[in-house]
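Engineer: Quick one: the structure is below, and I'll ask about it shortly.
The values are calculated or read from the model by the stated rules, or taken from the named source; none is laboratory data. Note that this is a predicted model, so its numbers are computed, not measured. Glycine gets a Cβ as well: all are built from the backbone with ideal geometry, and neighbour counts include every protein chain shown.
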Amino acid sequence: MQTTNTDLSFNVSTSPAPASARVMFVVEGINLVAPHVGFDEDQDCVDRLMEAGAAKGSLREVVVHYVDANGAMEVVLLVGLGKPEKLNAESVRRAGGALLRTCRKLKLKQVAMKVLPTPSMADTEFADAVVTGTLLADFSFREYKGSKKADEQDDAERSKIDMTIVVDSSRVKEMTQATERARKIADAQNFARTIASRPGNVINPLSLAKVAQAMAKDVGLTCRVLDEKQMEKLGMGGILAVGAGSQSTPPRMIVLEWDGGSKKTTGKGKKRQPLLVVGKAVTFDTGGISIKSADKMGKMIYDKCGGMTVLGVMQAVASLKLPVRVVGILGAAENHISELAFRPGDILTMYNGVTVEVTNTDAEGRLVLGDALAWGIETYDPAAVIDLATLTGGVRVALGTTMAGVMGNDDSLIECLGALGTACGEKMWRLPVGEEQREQIKSDHADIVNSAGRDAHPLQGGAFLSFFVPENLPWAHLDIAAVADTEKDLPYYGKGATGWGVRTLVEWIDASSSK
């Protein structure tokens, strides 16, 4: 299996022993833990500490308490979940992040915890959130720590942690299934973060294709890669133009397919329509001739994060063996500067025949996505399509760094994604895409321009992509430029790539499988 840069494992058991620490989850003023073998004395301890005010149960508070067990000191961790009226899965994920960081600080190796149903969530949902929060918090991209001394110190600090969720015997099967499902999705998200974090001199369209092929082989996906000659024959003028400035690493269209774990067809002998997810994977973006400022350019390794989300989604879908056909497409290119690079003023013909006047070579992601969307829709006849891209800095100006912008043509799809995103801790806010926005990007010399200036730039991006999606096909565009990476530590994300969108899209695909 591909690396996920974590050293954390989970199991489910009816006993907390052996453990170097036991975890008690508490909310403000309430002890959630009922008596259980190995935890009954700890419950009394929690009650005393909360009555004394030593532990308040506030969100992400972790109180470390030592108890004497026949002369040996044992560790009890009281992990706060916040106010009871605000308790939800996101609270637990955030608490899980705080728990993991405390375990790392104390260098604990075996940790046992008891989770219970609460008024707002089942015990399986609680366990899912704990597993997700701790695994995402444990991610650390350290593949290029070159110093031997630093490596030794890093390895010592990041020794493996085994976490045990303690349950009654009647709940072992269900809790094991919930824990394993959460682990597979978090592993896929961390895999997406791993590849997103690799620098431009390591990940380019060619090496990314090899990563996708290796992952596909591991989990049972089909992988197809279109090279520049095949794309030229197909008339993919957008992605070819973006990748033209980098002759040593030409663009690739990477296609991953999951058959739903079954060869079954519909009653007419025709395969079920798949769901299509498309991601922008610009492995490095100089801005091209419309060059970016030097102080921000190093962060452009994250311009491939939409494609990395698709990579993670496809790994999770196959690992979970979801009973629905899914196709994932990564439009991969490097946007470089050379005598062969595309220029402002160029007019490109896209795969579906739409012509585009280039006004800014730094508005390149929509050119890559336009070809990927049009070709993917024509080739696979999907039931619905979602694309993700670090498309515009304007979405950060509009919405900040706590949510993505979502645009599209189908109210029910966007409402579904919004609800799932909120539940997964991946919030989004709907922005308009309509005739006004489509009119804004009309060109005097071609059908459309790739950028019409700064006004409503996120909306321009959505409007541009709408020219490559049939009106009757449910479609949503996620602009993840502000959430694909973070410059500060968050409750369960460290600095760097977040893998944003993996969990929401997996839940959407899973929900679609039951329809």
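Engineer: Here are Pro458, Pro432, Pro491: which of them is outside any helix (DSSP H, G or I), of a type outside the set (A, V, I, L, M, F, W, C) and either without any contact (Cβ under 8 Å) to a residue 60 or more places away in the chain or surrounded by 22 or more Cβ atoms within 10 Å (Cβ to Cβ) (or both)?
Structural biologist: Working: Pro458 fails: outside any helix (DSSP H, G or I); Pro491 fails: either without any contact (Cβ under 8 Å) to a residue 60 or more places away in the chain or surrounded by 22 or more Cβ atoms within 10 Å (Cβ to Cβ) (or both).
When all the criteria are applied, what remains is Pro432.
Engineer: Any residue at all in segment 392-399 that is out of contact with any Gly (no Cβ under 6 Å at 6 or more places or on another chain) and hydroxyl-bearing (Ser, Thr, Tyr)?
Structural biologist: no
Engineer: If you go through segment 488-511 one residue at a time, do you hit one that is more than 17 Å from the chain's Cα centre (by Cα) and not charged (D, E, K, R)?
Structural biologist: Yes: one or more hits.
Engineer: Within segment 191-206, can one find any residue that is outside any loop (DSSP other than H, G, I, E, B) and under 22 Å from Lys321 (Cβ atoms)? Explain how you work it out, then say what you get.
Structural biologist: Keep residues of segment 191-206 that are outside any loop (DSSP other than H, G, I, E, B), which gives 191-197, 205-206.
Of the ones still in play, those that are also under 22 Å from Lys321 (Cβ atoms) are 191-192.
The answer is yes; a qualifying residue exists.
Engineer: Kindly establish whether Glu61 is touching an Asp or Glu at 6+ places or on another chain (Cβ under 9 Å), surrounded by 13 or more Cβ atoms within 10 Å (Cβ to Cβ) and charged (D, E, K, R).
Structural biologist: Details: touching an Asp or Glu at 6+ places or on another chain (Cβ under 9 Å): no; surrounded by 13 or more Cβ atoms within 10 Å (Cβ to Cβ): yes; charged (D, E, K, R): yes.
No, not satisfied.
Engineer: Which of the residues spanning segment 259-276 are touching a Ser or Thr at 6+ places or on another chain (Cβ under 8 Å) and either surrounded by 24 or more Cβ atoms within 10 Å (Cβ to Cβ) or at pLDDT 95 or above (or both)?
Structural biologist: Asp259, Leu275
Engineer: Before we move on, is Thr392 assigned to a loop (DSSP other than H, G, I, E, B) and among the β-branched types (Val, Ile, Thr)? I'd like the intermediate steps shown before the answer.
Structural biologist: Numbers: assigned to a loop (DSSP other than H, G, I, E, B): yes; among the β-branched types (Val, Ile, Thr): yes.
It is true that Thr392 is assigned to a loop (DSSP other than H, G, I, E, B) and among the β-branched types (Val, Ile, Thr).
Engineer: Is segment 105-116 home to any residue that is under 14 Å from Glu28 (Cα atoms) and not assigned by TED's automatic domain parsing to the domain that holds Arg503?
Structural biologist: Step one: of segment 105-116, the residues under 14 Å from Glu28 (Cα atoms) are none.
There is no residue in segment 105-116 that is under 14 Å from Glu28 (Cα atoms) and not assigned by TED's automatic domain parsing to the domain that holds Arg503.
Engineer: Suppose we filter segment 220-238 for residues that are assigned to a helix (DSSP H, G or I) and out of contact with any helix residue (DSSP H, G or I) (no Cβ under 7 Å at 6 or more places or on another chain); how many remain? Give the steps one after another, and end with the answer.
Structural biologist: So the first thing to find is which residues in segment 220-238 are assigned to a helix (DSSP H, G or I), and the list is 228-234, 237-238.
Of the ones still in play, those that are also out of contact with any helix residue (DSSP H, G or I) (no Cβ under 7 Å at 6 or more places or on another chain) are 229-230, 233, 237.
Within segment 220-238, residues that are assigned to a helix (DSSP H, G or I) and out of contact with any helix residue (DSSP H, G or I) (no Cβ under 7 Å at 6 or more places or on another chain) number 4.
Engineer: Also, quick follow-up: Does any residue of segment 100-123 turn out to be assigned to a helix (DSSP H, G or I), in contact with a helix residue (DSSP H, G or I) (Cβ under 6 Å, 6 or more places away or on another chain) and farther than 17 Å from Thr6 by Cβ? Give the derivation first.
Structural biologist: So in segment 100-123, the residues assigned to a helix (DSSP H, G or I) come out as 100-106, 123.
Keeping just the survivors that are in contact with a helix residue (DSSP H, G or I) (Cβ under 6 Å, 6 or more places away or on another chain) gives 100.
Right, trim to farther than 17 Å from Thr6 by Cβ and you get none.
Checked against the condition, which is being assigned to a helix (DSSP H, G or I), in contact with a helix residue (DSSP H, G or I) (Cβ under 6 Å, 6 or more places away or on another chain) and farther than 17 Å from Thr6 by Cβ, segment 100-123 yields no hits at all.
Engineer: Just one of Ala196, Ala182 is closer than 28 Å to Ala484 by Cβ, surrounded by 17 or more Cβ atoms within 10 Å (Cβ to Cβ), touching a Lys or Arg at 6+ places or on another chain (Cβ under 8 Å) and small (Gly, Ala, Ser); which is it?
Structural biologist: Details: Ala182 fails: touching a Lys or Arg at 6+ places or on another chain (Cβ under 8 Å).
Just one listed residue meets the conditions, Ala196.
Engineer: How many residues are of a type outside the set (Gly, Ala, Ser), part of a strand (DSSP E or B) and surrounded by fewer than 16 Cβ atoms within 10 Å (Cβ to Cβ) when one looks only at segment 1-29? It would help to see each step written out before you state the result.
Structural biologist: Step one: filter segment 1-29 for residues of a type outside the set (Gly, Ala, Ser), giving 1-8, 10-12, 14, 16, 18, 22-28.
Cutting the leftovers down to part of a strand (DSSP E or B) gives us 8, 10-12, 22-27.
Then drop every residue that is not surrounded by fewer than 16 Cβ atoms within 10 Å (Cβ to Cβ), which leaves 11.
The total comes to 1.
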